[in-house]
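The values are calculated or read from the model by the stated rules, or taken from the named source; none is laboratory data. Nothing here was measured: the structure is a model prediction, and the numbers come from that model. All Cβ positions, glycine included, derive from the backbone under ideal geometry; neighbour counts span all protein chains shown. Side chains included, ligands, DNA and RNA excluded: accessible areas come from the protein's heavy atoms. Shrake-Rupley method; radii C 1.70, N 1.55, O 1.52, S 1.80 Å.
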Amino acid sequence: MTTENITLGTDLSGSGPVEQPRHISQATLVMLLFLGSEAMLFASFFTAYFMVRFNVADNVWPPIDPATGKAFVLPIAVTGVNTLFLVSSSFTLWWGEHRLQHGDRKALERGLLVTIGLGLTFLVVQFNEYWHLGFSPQSQAFGTTFYTLTGLHGLHVIVGLCLLTICYVRARRRREFQPDRAPMLWASSLYWHFVDVVWVLLYFLVYLL
Amino acid sequence: MATHAPTHAPSGPGHDTGHHAPPPLSHWWKRAFVWVVSSIFAALGVTWFVRWAWGFSPLWNYEVYMTVIFAFMGIAFLIGIGCFDYWWDYLRGRKVSYEDHSMHGATSWKDYLRPNTDHKVIGIQYLVLTFMAFVVAGLYAEGVRAQLAQPGENFVNGQTYNGLFSMHATVMIFGFVIPVFSGLANYVLPLMIGAKDMAFPRLNALSFWLLVVAAVLLISAPAFGAFSAGWTAYPTLALQGSTGTTMFELAVQFAGASTIATALNFMVTIVTMRAPGMTVWRMPLLVWANATTSALVVFGTPFIAGSQFMNLFDRVMGTNFFNSANGGDVLMYQHVFWFYSHPAVYIMMLPGFGIVSEVIATFSRKPIFGYRAIAFSTVAIAILGFGVWAHHMFVSGMAAWIRIPMMMMTVLIAVPTGIKIFSWLGTMWGGKIHLKTPMLFAMGFIVTFTIGGLSGIYLGALPSDIAMHSTYFVVAHIHYVFFGGSVMTIFAGTYYWFPKMTGRMYNEKLGVWHFWLTFIGMNLTFFPMHWLGTQGMPRRVSDYAPRFANVNLFISIASLIMVAGTIVFFYNMIWSWAKGPKAPWNPWRGRTLEWLVSSPPSLFNFDVTPQVVGGPYQYGIPGARHAVVFAGPELGGGELTETDKRLVLVVADEAVASASLIEDIRRRSAEGYWRFTYVVPSNPDEHRAAERRLHAALAVLAENGVEANGTVIDAPPMQAIDSVMREDTVHEIILTTYPLGSSDWLDQDLVDRVRKAAGVGLTHLTVLPGEAHAAAASVAVEKVALIANYGIDDAGLTDLVKSRADAKPLSAIVLCPLSLDVPSGSPEAEDLRNEASGRTAILIARLQDAGIQTRGEVLDGSVAAAVKIARTAHRADIALLATRPGDQVEITDEITEAAGTMTVEQVTTDGHTSTAPGASEGR
Ligand code: HEM
Ligand SMILES: [Cu+2]
C-alpha cells in the first residue's frame, strides 16, 4: 500500500496524477448534474409564479397594487440593458477560455477579470432597481414572486462571481489550468453560463411576458 | 492473518509520507463550539443591521431573529467542525495537496466523531445517526399509540398529539428512511463497483455533517414549541404555530442539501469510477437502484426545498405565496410539495429494491431472474413517478381534469413494480433458499410490500380515494409501504452487510427472533387500520368514535410487539459489534466485489484495481466469475483470497477418527471458510491412546487437504473446551459422542451444557462404537494385519503394535487362523474356537484401549488363508505374522502367493521383530 498508486476523486486543480482516461471530467459531470438540480429549484419558483399568475390573478397581470391603486410596473428598458451586460459576460468568459486553448494565460486572466466586472455591474444595477421599485416582497403575490425569483437569481450571480474569483486567484497565484486540463475552470464557466441562461429566461417570462 | 489490513489497523509506514496526522478530537469540537457561539452574535448583529438599514420597524422580531440564528448556527457548526477547511485553503489560493488523505480512515472510535473522508467511516456514521433517529421517531409513534389506545383525551391534549405524529413522521422520513439508505450505499456502493472511495470524499463528509445539523434541528424542535402541521407541512397550518415549525423548515433545507450532495456524489462515482470490465449490464442491481434514486433526488429535492422556502418566507417575512387575500395560491403548495414527495416515496423505496435484489439472489443461489427487467423497471418507476403527484390531491379542489390522467399514470406505476415482484419470485423459484435473517426480511418484504402496493391501487383509483382520503386506510397504506417496504429492506441490508462493515457476525438466532416479532407485530398493528379507514376513522385526529375503541386498543398493544423486536435488534447489533465472532470475508458466498475483500475492507478497499469479468449473479453456473481482486505488490500481486478461515472446534473422545466425523469435516472444509481444531478430553492414563487416535484422524484429514490440528487435554470436556475457546475465536462446535446409553458424555448432559456455555452453534454427531473402531479408509493410515494364534495375548505383541503406531498412524486387523485337526462341527472344535476368540479379544481390547482402531476375527484355515483374507477382505498394507519366541512359521510359497503385493513380516510375541530367514519383503 503506497501512496503513489492511490488516487481518489477528482482533482480540481489539474495538477494531481492523471486518472484513468475518461470522456468527461468528474468536475464537469458533477456540475452538469448540479445545474439540473438548480434548474429544478428555479422551476419550483417559476411554478409558484405561474400558478399565482394564471390560477389566481386570472391574467390581470401585473395586478393592481392596493397601496398605490395602480398596477405594478417593472423597468423593462433598464433591465434590458442590464441583461445585455450579463449576456456579454458569457462571451468574455468564453473568450478567455478560448485563449487558454492557445496557451495564452494572460488572456484567460483578463477574460476572467472582465467577466467578473460585468457580473458586478449587473448586480449593482439590479440592486439599484430593488431600491427604486416602490414595492416590496410583501406587496401582494406579485411582489413575492418577483423578489424571490430575481433574488434567487441574484444569489446565483453572487455564487458564480465567487467561483470566477477563485478561478482568477488560482490562475494568477498558482498558475493553474492547462489547455487540456482545467476542471475547476470548466465547471465554473458552466455555472456562469447557466446563470446567464436562467436570467434571459427570467427576463422574458417575468419582465416581458 | 488476513492479507488485507482492516480499516481499523494503523496504515503502513509508506502511508504517512507527506501526511500530517489530524489534530485530536477536542480540536474540532472546541472550534465548532466557538463558531456556533459566535454565530449567534453574528446572526443578531447582521439581522439587526439589515433591519435597521432597510428601515424595518419594529427592529425586534423574535421569529426573524430565531430563523437567522438557527441558519447561522448550522453553517457555523459545519465550518467549525472542519468541513470546509480544504476548500477554504483552495479558494485563498493556498497550495493544497489533493492527495491529502489525513482525514481518511479510522483507527479508533474518535475518528468517527470528526469529519472523515473515508466512505466506510461515513457509511457507519450515517447508520449510527439514522438508527438513533429511528429510535426517537419510534418513541414518538408509541406516544401516538398511547393516546389512541382509548377514545378521549387520555394521554396528551390535541395540540400535543399533533406534535407527536408530526415529529414521528418527519424524523422517520427525513432522519431515518432517506438517509439510512445513503449510509448503506455509502459503505457498499464504492466497494461494489471496485472503487477506492467516492468521487468526492470531502463533499461526502460534508453531506453527513449537514445531516447532523438537520437531525439536531429536527429533534430539538419540540423544545421551541412543537411543530404540528404533519410531515406534509401544508400551509396555512404550517404558517401558524411556534418556532419549532421554523426549525422544521430549516432542517428540511439542511437535509435536502445533504441528500442532493450525496446523490451527485453517487452519480459521478457510478459513472466515472467503475472498475475495468464493469459495463452497465454488469453492475449489481443495488448500483442501478442507487443511480436511479440519485437522479430522483437531484431533480426532485429542489422542489421540497422550494416549497419549504416559500413556507418559511410566508411565515417569517410576511410574503404572500399562500395568502389568498393578497393574491397568493394556497393549493400551489401541494403541487410543489407533491411534485417532490411522490418521487420521494420512490427515493425511499428504490434503494430497498436494490438491497432485496442482492439478498434474494445470494440466498437463493441462483442467477437473478430478469436482471434487465429489474434494471429497466427501476428507471421506468423513476420516470413515471414524476407524473403522478396529484393523486395526493384528488379531493383538494384542484382543477378536475388533472384527476383522470393522474389516476391512469398512478395505476400504470404498478406495472414496473409488479415486474420486480415477479422477478424476485422467479429468482427464488427452484433456488436453494438459505433462510438466513437477511433473506427472511427480504421475503417478508415481498409479502408486506405487495399488500401496500395493492392498497395503493385503491387509493390511486379516484372513486375509492374520494371515500378513503385522509382516513386510516391511508395510514395503513403508508405503513405497509414504509415499514413493510423500506424498513424491512433496511433491516435486510443491515444484517446482510453487518459482517462486512463490522468484521463480526451477528447472532443468527436473535436475528430470526427480530424478524418474526417485527413481521407479526407489524401486520397485527397495521392490518386492522385498513378496516378502520374504510369505516371512516380519520387520520391525524387525537380522538375517535367509541365504536373504534376495541380495534385501537388491539393495535396499540400489538405495536408493543414491534418494540420488543426492535429491542432484540439493537441488543443483537450492539452485542455482536462488540463481542460477536469474527466474520470471514464472505460469509454468504456472495459474488459481488465487496465480498472479495476482507471484512472490514482495508483502508483504500483495493490495493490494485480489480478486474470485472462477468455478471454479478452467476450463482450455480460452473466456472462463472464476477470479478478478480489482486493483491498489492508486497504480497506478490497474485489474486487476493481469504487466508483467514474460521475455526470449528471438534470435540470427540473415542470417535475421533470415525468415518462419519471425518466425512462431515471434509464436507465443511470443501466450503473453503473453515479450519478445524480437535480437542480430545482425556486423563493421564489414556493420554497416549487418545493421542494415537488423534494422529490417525489428523493424518486422514491432512491427506484430504483439510486444515486441521488438535490437542489432547487431560481435563473433563467442559474444561478442555473452555481452555481452547479462551485462546481462539471458535465459530462452531462439533461434538461427537456414542449414542444414548453407551455414552458417558450424554449421561452427563454434555451437549446441552456445552451449548449453553459456549454460545456458538453446536452440531451433535452420534457415532456407533463399531464405526469408531473401524479402520479408516485412507492411505495415510497404515492398515496392519496381525496374524497370530498362540501368544496372541502376549503383552509384547501389544507393545510392538503401539510403538509402530507411535511412529506412523495405523489401524489394526487381528486375525487368528485355526488349523483344526478335529472335525469342525465337533465340541472340541468349538472349545478351541472359544479359547482362540478369548485370546483374540484380549489383544483387540488392549489395542483399542491404546487408541488404535482395531477389529478382528477368528477364522478356520491356514496362515496362508489368513494372509489372503487380510489382503483381499481388509485391504491391509502389511501382514505381521506373530509367533512366540523360538517358534518359526515357515514362509511357504503358499503364503507368498496369498500375500501378493502386500508386505509380510515376521514378528515375535515378545515384542521383537524376528529376523527369521525367508521373511518376505513383498515383491
Ligand atoms: C403501486 C404503488 C402505489 C400506489 C398506486 C400508491 C398510491 C397512493 C395514493 C393514491 C396515495 C394518496 C392517498 C390519499 O392521501 O388519499 C398514497 C399515499 C401515500 N403513499 Fe402511496 N402508492 C404506491 C406506493 C407507495 C410507495 C412505494 C410508497 C413509499 C415507499 C408510498 C408512500 C405513500 C405515502 C407516504 C402516502 C401518504 C402521504 C401522506 O402523508 O398523505 N406509496 N399512495
Ligand atoms: Cu404518491
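List of remarks:
- Residues that are more than 24 Å from B:ALA214 (Cβ to Cβ) and facing chain A (nearest Cβ under 7 Å) within the stretch B:302-323 comprise B:GLY318, B:ASN320, listed in sequence order.
- Subset of the stretch B:376-412 that is away from ligand 1 (no atom under 12 Å from the Cβ) and more than 40 Å from the chain's Cα centre (by Cα) - its residue that is most open to solvent (accessible area, probe 1.4 Å): B:TRP401
- Qualifying residues in the stretch B:207-232 (those that are within 12 Å of B:MET167 (Cβ to Cβ) and within 16 Å of ligand 2 (Cβ to nearest atom)) - the one modelled with the highest pLDDT: B:TRP231
- Residues of the stretch B:591-611 that turn out to be away from chain A (no Cβ under 14 Å) and either in contact with a Ser or Thr (Cβ under 7 Å, 6 or more places away or on another chain) or β-branched (Val, Ile, Thr) (or both), as a count: 2
- If you go through the stretch A:111-138 and pick out every residue that is open to solvent by less than 20 Å² (accessible area, probe 1.4 Å) and either out of contact with any helix residue (DSSP H, G or I) (no Cβ under 7 Å at 6 or more places or on another chain) or among the charged types (D, E, K, R) (or both), you end up with 1.
- No other residue among B:GLU639, B:GLU634 is within 14 Å of chain A (Cβ to nearest Cβ), open to solvent by 70 Å² or more (accessible area, probe 1.4 Å) and free of Cβ contacts under 8 Å to residues at least 24 places away in the same chain apart from B:GLU634.
- Residue in the stretch B:59-95 that is nearest to B:LEU210 (Cα to Cα), counting only those that are part of a helix (DSSP H, G or I) and small (Gly, Ala, Ser): B:GLY74
- Answer from A:SER136, A:SER37 - the residue that is closer than 26 Å to B:LEU312 by Cα, within 13 Å of chain B (Cβ to nearest Cβ), hydroxyl-bearing (Ser, Thr, Tyr) and outside any helix (DSSP H, G or I): A:SER136
- Looking only at residues in the stretch B:157-212 that are among the polar types (S, T, N, Q) and open to solvent by 20 Å² or more (accessible area, probe 1.4 Å), the one that is nearest to the other protein chains (Cβ to nearest Cβ) is B:ASN162.
- Test: residue in the stretch B:340-358 that is crowded, with 24+ Cβ neighbours inside 10 Å, of a type in the set (A, V, I, L, M, F, W, C) and more than 14 Å from ligand 1 (Cβ to nearest atom): no
- Of all residues in the stretch B:387-397, those being within 16 Å of ligand 2 (Cβ to nearest atom) and not in a helix (DSSP H, G or I) number 6.
Results for (1) closer than 18 Å to B:HIS479 by Cβ; (2) touching a Ser or Thr at 6+ places or on another chain (Cβ under 6 Å), shown as yes or no for each residue.
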residue: B:ALA106; (1), (2): no, no
residue: B:LYS110; (1), (2): no, no
residue: B:THR117; (1), (2): no, no
residue: B:ILE122; (1), (2): no, no
residue: B:LEU127; (1), (2): no, no
residue: B:PRO151; (1), (2): no, no
residue: B:SER166; (1), (2): yes, yes
residue: B:VAL171; (1), (2): yes, no
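- Residue in the stretch B:489-510 that is away from ligand 1 (no atom under 16 Å from the Cβ), of a type outside the set (A, V, I, L, M, F, W, C), closer than 30 Å to B:MET407 by Cα and more than 14 Å from every other protein chain (Cβ to nearest Cβ) present: no
- Here B:PHE526 clears all of (1) among the aromatic types (Phe, Trp, Tyr); (2) more than 15 Å from ligand 1 (Cβ to nearest atom); (3) surrounded by 24 or more Cβ atoms within 10 Å (Cβ to Cβ) except the condition numbered (2).
- Taking the stretch B:95-116 as the range and being open to solvent by 40 Å² or more (accessible area, probe 1.4 Å), at pLDDT below 80 and not hydroxyl-bearing (Ser, Thr, Tyr) as the test, the residues that pass are B:LYS95, B:ASP100.
- Taking the stretch B:59-108 as the range and being away from chain A (no Cβ under 14 Å) and touching a His at 6+ places or on another chain (Cβ under 7 Å) as the test, the residues that pass are B:ALA106, B:THR107.
- Cβ-Cβ under 6 Å pairs, at least 6 apart or on other chains, the stretch A:131-148 side over 15 Å from A:TYR49 (Cα atoms), far side at pLDDT below 85 and of a type in the set (Ser, Thr, Tyr): none
- Filter pass, B:TYR371 being more than 30 Å from B:PRO58 (Cβ to Cβ), modelled with pLDDT of 90 or more and open to solvent by 20 Å² or more (accessible area, probe 1.4 Å): yes
- The stretch B:416-429 residues that are over 8 Å from B:SER357 (Cβ atoms), paired with ones that are open to solvent by less than 20 Å² (accessible area, probe 1.4 Å) and within 16 Å of ligand 2 (Cβ to nearest atom) (beta carbon under 8 Å, 6 or more apart): B:PRO416/B:ILE381; B:THR417/B:ILE381; B:ILE421/B:PHE449
- Inspection of the stretch B:324-337 identifies at least one residue that is surrounded by 20 or more Cβ atoms within 10 Å (Cβ to Cβ), charged (D, E, K, R), away from ligand 1 (no atom under 16 Å from the Cβ) and free of Cβ contacts under 8 Å to residues at least 40 places away in the same chain.
- Test: residue in the stretch B:678-700 that is loosely packed, with under 15 Cβ neighbours inside 10 Å and either part of a strand (DSSP E or B) or assigned by TED's automatic domain parsing to the domain that holds B:ALA805 (or both): no
- Qualifying residue in the stretch B:427-441 (condition: open to solvent by less than 10 Å² (accessible area, probe 1.4 Å), within 16 Å of ligand 1 (Cβ to nearest atom) and among the hydroxyl-bearing types (Ser, Thr, Tyr)): no
- Residues within the stretch B:225-274 that are surrounded by 20 or more Cβ atoms within 10 Å (Cβ to Cβ) and assigned to a loop (DSSP other than H, G, I, E, B), tallied: 9
- Here B:ALA414, B:ALA400 are screened, and the one residue that is away from ligand 2 (no atom under 16 Å from the Cβ), farther than 18 Å from B:ARG591 by Cβ and either within 14 Å of chain A (Cβ to nearest Cβ) or at pLDDT below 90 (or both) is B:ALA400.
- Applying a threshold of 7 Å to beta carbon distances and a minimum spacing of six or more residues, or different chains, the list of pairs starting in the stretch B:210-233 at a residue that is touching a residue at least 60 places away in the same chain (Cβ under 8 Å) and ending at one that is surrounded by fewer than 20 Cβ atoms within 10 Å (Cβ to Cβ) and assigned to a loop (DSSP other than H, G, I, E, B) reads B:PHE224/B:SER242; B:GLY230/B:ARG540.
- Some residue of the stretch B:337-345 being farther than 20 Å from B:GLY460 by Cβ and modelled with pLDDT of 90 or more: no
- Enumeration of residues in the stretch B:542-556 that are open to solvent by 40 Å² or more (accessible area, probe 1.4 Å) and free of Cβ contacts under 8 Å to residues at least 60 places away in the same chain: B:ARG547, B:ASN550, B:PHE554
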